[in-house]
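What follows is a single structure, written as C-alpha cells, with notes after it.
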Amino acid sequence: MSLSRRPLAFVAGAALAAPLALAGTAQAATAVAGSEYTVTPLKFTVSAGGRSCTVDADLYRPSGADAQHPAPAVLATNGFGGSKSDGSTDGIGKAFASRGYVGLVYSGLGFGKSGCLITLDDPETDGRAAAALVDFLGGTRAADDGTKAGFVTQDGPGDPRVGMIGGSYGGAVQMATAAVDHRVDALVPLITWNDLGYALAPNNTGAADGVSSGTAGVFKWQWTNGFYLTGEGQPILSPSLDPSRFGSLTCLHFAAKACDTVQLLNSGRYPAGKTAAMLDYARSVSPVSYLSRVKAPTLLVQGQADSLFNLNEATATYETLKAQGTTAKMIWQAWGHSGGQVDGELDLSQGNLESSYVGGRILAWFDRYLRHETKTGTGPEFAYYRDWQSGYGTAAAVPGLTQKMYLSGDGKLVDNRSKVTRGSRQYTNWLVPTSHSESSLAGLIGLPDPKPYDTKGTYLGWTSAPLTSAVDVVGAPRATLKVVSPKTERVQNSGDASDKLVLFAKVYDVAPDGSRTLVNRLVSPVRVPDVTRTFTVQLPGIVHRYESGHRLEFVIAASDTAYVGNRGIKPVTVVSAPQDTGVLELPVVGGTVTGGTVAR
C-alpha cells in the first residue's frame with residue numbers, strides 16, 4: 001500500500017486489499033519486544049442487539065503491571081472491514097503497552113472473528129458490547145477462559161481508568177460507548193462521522209443541527225456501495241459458521257435497517273415518508289443523536305484529505321461538545337480516508353507517537369486524563385496542518401468567515417457589489433455525469449484517478465483577479481445563491497426529494513498557467529430546497545494557501561461522477577445584479593482579498 005493510502009487501513013479498503021488470513025488463535029500469553037509487554041488472545045461472550053455473540057480481543061499487558069502496580073487502560077477497535085489484526089489497530093495495542101498502558105484491542109461486531117451483525121456503531125449494540133469489555137478492565141467480569149484483569153488502575157469499584165482511541169468506524173464507537181458508559185475517561189476519535197445521513201448522502205444547505213439537513217441529500221454512491229459490499233462480504237472475507245453473524249437472505253451481515261438505507265439510496269427515489277425513516281435511522285446510530293450523553297474529554301482528530309467524513313463533521317461534533325460543557329479540542333491533520341499521508345504525520349501502524357505532532361498531543365491527552373498528570377498541557381483548542389509551512393497552525397477556535405466575494409454577471413469574482421456586472425448565464429445537465437472530483441475507491445483497488453474536470457456548458461464559474469500575495473484559507477467557505485430552473489420548479493413539490501434540483505459547489509485554485517486544483521478533491525453537493533428562493537451552501541472545510549499570481553474560481557456544476565445527480569434534464573440560469581447576486585464568503589487568515597490584491 002502506498003504511503004499516501006496507508007491510513008486507509010482504518011476503512012473498507014483494508015478488507016478489500018488485505019490478505020484473508022487472520023492472526024493466530026493461541027490462547028497463551030506471548031512475550032513481545034524484549035518483554036516490554038505480553039499479548040494474550042481472549043474471547044468474550046456478550047449480548048448485543050438481541051443476540052449473544054463472541055468478541056475476539058487481544059490483551060496487551062505491560063511488563064510490571066500487577067495488582068500492586070496497576071496501569072490505566074486503552075481500548076480500541078478496527079475501522080470498517082478490518083479486525084484486531086490490522087496494522088493500525090494492532091499498532092495501538094503495541095504502542096500504548098510499550099508506554100506502560102494496558103491495551104485491549106478487539107475486532108468490532110461483525111468483523112474479523114467477532115460475531116453479531118454490523119450495526120454501524122449503534123450505542124445500544126456496539127456501545128454496549130464495548131461496555132462489556134470495560135467491565136473486564138474493571139474486574140467485574142472475566143474473559144470466557146476465566147482470565148481476569150486485576151492490574152488496571154481503578155477510580156472506584158468496577159470503574160477502570162480507561163481511554164479509547166481509533167479511526168473511522170473505530171472512532172464513532174468511542175462516542176457510542178461513552179454515551180452508554182460514563183466510566184470511559186478519555187476519547188480520541190480520528191477521521192470519523194457526526195451524522196451518517198450526511199456522510200452517505202450530504203445536503204449542504206438548510207442544516208438544522210450541525211451538518212444535518214431535513215431534506216434527503218445527494219447520494220455518495222461510490223463510498224456507500226464500497227462499504228456495503230465489504231460488509232455483506234464479511235462471511236466470505238472472514239469465513240465463519242457463527243450463526244450470530246448472519247441476518248437474512250436479503251441482508252446477510254448488516255442489521256436490516258442498514259440494508260434498507262442503502263437500498264433506498266440506490267433506488268434514486270426518495271419519497272417523504274421513507275426518506276424521513278431513513279434519516280431517522282442513520283442519525284440514531286450517529287453521534288449527532290447522542291452527543292448530549294458524552295461527557296468524557298474528547299480530542300477530535302479529522303483529516304483534510306477526506307471526502308468520506310469531511311472536516312465539517314468533526315467541527316459539528318466539536319461545537320456540540322463545547323456548547324454542552326464537555327472538554328474537547330480539535331486537530332485537522334493532513335491524512336484522511338482519501339489519502340494525504342505525509343512524512344512526520346501520525347501513523348499508528350508505526351507507533352510514531354512522540355515523533356509526530358498529533359501523536360504527541362494524544363500522549364499528552366492520555367497522560368492528563370488517564371494518568372492524572374495535572375500539570376501536563378493538552379495543547380491549543382484548535383490546530384491545523386499546513387502544507388506550505390513547517391508544523392501546525394493554532395487558534396483559539398475554528399476561524400470564522402472574514403471575506404466576501406461577489407458573483408458578477410460577466411463571470412468575475414469581485415470584492416465589492418459595485419463591481420458586479422448585470423447579466424445572466426446558463427448551464428444544463430446531461431443524463432450522465434459531466435464533472436469529476438474523484439473516484440472514491442480508485443486508490444484502494446489500484447486504479448488511476450483522472451484529474452478533476454468540468455464539461456463546458458454543464459457548469460458555471462466565477463474567477464477572481466490574480467492575487468499579488470498569498471492568501472491562506474482555514475475553515476469552511478459558504479455561498480449564498482439564487483438560481484432559476486423552471487423545469488425544476490414544476491416538479492420540486494412532488495413529495496419525492498429526487499425531483500428537486502441537485503448541484504455541486506466548489507472552489508478551485510487556478511495557477512497562472514491555467515491549471516486548476518480542486519483542494520483535496522472536495523465538493524459540496526446540494527439538493528436545493530426551493531429554486532424560487534435564495535439558499536445557502538456550506539462548502540467543505542479546507543486548509544489551503546492560494547499563492548501569489550493564482551486566482552480563486554467558484555464553480556457550480558450540474559453533476560459529479562462520485563454522486564447520483566439530477567433526475568431528468570433541468571437547465572439552470574444564474575442572474576447577477578449589483579444589489580442581487582450570489583456571495584462567496586471565505587475564512588481568510590492573515591489577509592484580505594481586495595480587487596485581486598491582498599492587504600496584510
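The values are calculated or read from the model by the stated rules, or taken from the named source; none is laboratory data. Only a predicted model underlies this, so the values are computations on that prediction, with no experimental measurement involved. Glycine also receives a Cβ, built like all others from the backbone with ideal geometry; neighbour counts cover every protein chain displayed.
Data table
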| item | result |
| --- | --- |
| Search result, residues across the range 438-454 that are surrounded by 17 or more Cβ atoms within 10 Å (Cβ to Cβ) and not charged (D, E, K, R) | Ser439, Ser440, Leu441, Gly443, Leu444, Pro452 |
| Long-range neighbours under 6 Å by Cβ, at least six apart or interchain, first residue outside the structural domain of Ser289 (by TED's automatic domain parsing) within the range 112-129, second surrounded by 24 or more Cβ atoms within 10 Å (Cβ to Cβ) and outside any helix (DSSP H, G or I) | none |
| Meets criteria (touching a strand residue (DSSP E or B) at 6+ places or on another chain (Cβ under 7 Å) and not assigned by TED's automatic domain parsing to the domain that holds Gly127) for Gly170 | no |
| Selection count, the range 200-242, where residues are among the aliphatic types (A, V, I, L, M), crowded, with 22+ Cβ neighbours inside 10 Å and under 21 Å from Gln263 (Cβ atoms) | 4 |
| Residue selected from the range 450-496 under the condition among the acidic types (Asp, Glu) and touching a His at 6+ places or on another chain (Cβ under 9 Å), by the criterion nearest to Gly582 (Cα to Cα) | Asp454 |
| Top-ranked residue in the range 379-425 [being surrounded by 14 or more Cβ atoms within 10 Å (Cβ to Cβ) and polar (S, T, N, Q); ranked as farthest from Glu345 (Cα to Cα)] | Thr421 |
| In the range 270-300, the residues that are polar (S, T, N, Q), crowded, with 22+ Cβ neighbours inside 10 Å and part of a helix (DSSP H, G or I) | Thr275 |
| Those residues of the range 232-269 which are assigned to a helix (DSSP H, G or I) and hydroxyl-bearing (Ser, Thr, Tyr), in sequence order | Ser244, Thr261, Ser267 |
| Residues located in the range 516-529, provided they are in a strand (DSSP E or B), under 27 Å from Gly568 (Cα atoms) and either among the charged types (D, E, K, R) or modelled with pLDDT under 95 (or both) | Arg527 |
| Qualifying residue in the range 161-183 (condition: over 23 Å from Ala132 (Cα atoms), at pLDDT 95 or above and surrounded by 21 or more Cβ atoms within 10 Å (Cβ to Cβ)) | no |
| Cβ pairs under 7 Å, 6+ apart, first in the range 378-393 and more than 18 Å from Gln341 (Cβ to Cβ), second charged (D, E, K, R) and part of a loop (DSSP other than H, G, I, E, B) | Gly393/Arg386 |
| Identity of the residue in the range 301-340, touching a residue at least 40 places away in the same chain (Cβ under 8 Å) and among the β-branched types (Val, Ile, Thr), that ends up surrounded by the most Cβ atoms within 10 Å (Cβ to Cβ) | Thr317 |
| Test: residue in the range 358-375 that is buried (at least 16 other Cβ atoms within 10 Å of the Cβ), under 23 Å from Val473 (Cα atoms) and among the acidic types (Asp, Glu) | no |
| Search result, residues across the range 317-367 that are part of a helix (DSSP H, G or I) and over 18 Å from the mean Cα position of the chain (by Cα) | Lys322, Ala323, Tyr357, Gly359, Gly360, Arg361, Ile362, Leu363, Ala364, Trp365, Phe366, Asp367 |
| Strands (runs of 3 or more DSSP E) contained entirely in the range 546-600, each with at least 2 residues that are at pLDDT 95 or above | 551-557, 572-576, 583-586 |
| All strands (runs of 3 or more DSSP E) inside the range 396-515 with 1 or more residues being closer than 30 Å to Lys274 by Cβ | 478-481, 502-510 |
| Top-ranked residue of the range 110-149 - restricted to ones that are closer than 19 Å to Val285 by Cβ and polar (S, T, N, Q), ranked as surrounded by the most Cβ atoms within 10 Å (Cβ to Cβ) | Ser114 |
